[in-house]
1. Identify, among GLY183, ALA280, ASN60, the residue whose Cα sits farthest towards the positive end of the charge dipole of the chain, taking +1 on the Cβ of Lys and Arg and -1 on the Cβ of Asp and Glu, with the dipole about the Cα centre.
2. Could you give me the ³J(HN,Hα) list for the range 163-169, computed from phi with Karplus coefficients 6.51, -1.76, 1.60 and θ = phi - 60°, whole Hz, x at Gly and Pro?
3. With runs of 4+ DSSP H residues as the only contributors, calculate the mean residue ellipticity of the chain at 222 nm using -39,500 (n - 2.57) per run, divided by the residue total and rounded to the nearest 500.
4. Among LEU128, LEU171, THR43, whose Cα sits farthest toward the positive end of the charge dipole of the chain (+1 at Cβ of Lys/Arg, -1 at Cβ of Asp/Glu, about the Cα centre)?
5. For a protection proxy built on the mean count of beta-carbon atoms within 10 angstrom, sort 49-61, 176-188 highest first, please.
6. Quick check: from the Cα gyration tensor, does the chain come out rounded (a/c under 1.5), prolate or oblate?
7. Can you classify the range 1-127 as rounded, prolate or oblate using the Cα gyration tensor, where a ≥ b ≥ c are the square roots of its eigenvalues, rounded means a/c under 1.5, and otherwise it's prolate if a/b beats b/c and oblate if not?
8. Starting from the Cα gyration tensor of the range 117-165, take the square roots of the eigenvalues, sort them a ≥ b ≥ c, and report rounded, prolate or oblate (rounded when a/c is under 1.5, otherwise prolate if a/b is larger than b/c, else oblate).
Amino acid sequence: MFFNKKSDPRPLGIPLDDLVTALAATTLKVKREDDSLIVKHRTYSTRVDVIRPPNLETENGPIKAVIQIRSVLPQEVAAMFKKPELTVAMNAMASLGALTVDDEMIFVGSRLTMYQDERAWNIQFPLLLFAIIGSTDSLIGAMRRMFGRERGERTASAWTENDFKQVEGSLSKVSVCNAGECGLTAEFSLRDGAVSAADGDHHTALWQLIGDQPHPDLGGGLFCLLQMPHTVADETRLNRVVMQLNKMEMAAHDLPPHFGAWCRGKMDNNPAYVSFLPNALHSTAGIAANTSIWALNRAQWANAMLASMGIRT
């Protein structure tokens, strides 16, 4: 473990020292470079950057800083993702980071925009820590299992009906939703007056928390799926759109936390956003409810971005 004592342990007020302390308990090596951490894994490195965004004032309040996490894939793995369709397909198995292509660089990326008045480090910290430690390994592991035709991990989810009912209690104030033994389903309106697809509306995004769909590599946890109602008939264009959304998610802007990935949805050639919270995050109070609110905000953002690309419901 390496640490430059001259560096500010809390650049822009972000407690990087908390991450350094937690990572010290692992086998990973950490090096400090100005306002960044370089985390050495066995076959790749993860860079954690704390940056000041160009626009601090937003309608959601002043931004404190943006944390960007990039894990550059090993060359032999990155070479496999020169075909967009494979990159998009693999992102369907993402946990807390997206396979992202930017200027020919292929990395697994996550981003957290933090605001001045937020008091959410108890939720943000474990998400950041897991994204650093496990999001890339879990994606590579899922890929290895898929190509090797290995059976995925089948451990049970730590999330139960009580968890889903708690999320329903808060989410029902802003959306149509219902919870059950294995998960929660909600619809987010993308247009005034739109309520539910069951009523014939085509302007709602579908949000699901699914407890009985384990990750191929991580096993039990909470699968989170946001499906946009937009249809892109041309598969090549849909792949480009999905990859562009992942690239845009990494920007230092006023955006909901990016711990997941855009991929192809399960409706009809639609874009979707997936995340997977492993069982280790179940003890983080409020994480499922916060993830749901982020999904609500992401649906609004994606609707606007897709419209700017000429894609409308």
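Computed from the coordinates by the stated procedures, all read-outs in this text should not be read as laboratory data. Only a predicted model underlies this, so the values are computations on that prediction, with no experimental measurement involved. Heads up, the Cβs are rebuilt from the backbone with ideal geometry, glycines too, and the neighbour counts pull from every protein chain shown.
1. Checking the options against the dipole of the chain, the answer is ALA280.
2. 4, 5, 5, 5, 5, 4, x
3. Working: 7 runs with 95 residues, N = 313.
Taking each H run of at least 4 residues, the total per residue is -9500 deg cm²/dmol.
4. THR43
5. Highest mean packing first, the order is 176-188, 49-61.
6. Numbers: a/c = 1.40, a/b = 1.29, b/c = 1.08.
Since a/c stays below 1.5, the shape of the chain is classed as rounded.
7. Working: a/c = 2.04, a/b = 1.31, b/c = 1.56.
Because a/c hits 1.5 or more and a/b fails to exceed b/c, the range 1-127 counts as oblate.
8. Details: a/c = 4.43, a/b = 1.49, b/c = 2.98.
In terms of gyration-tensor shape, oblate.
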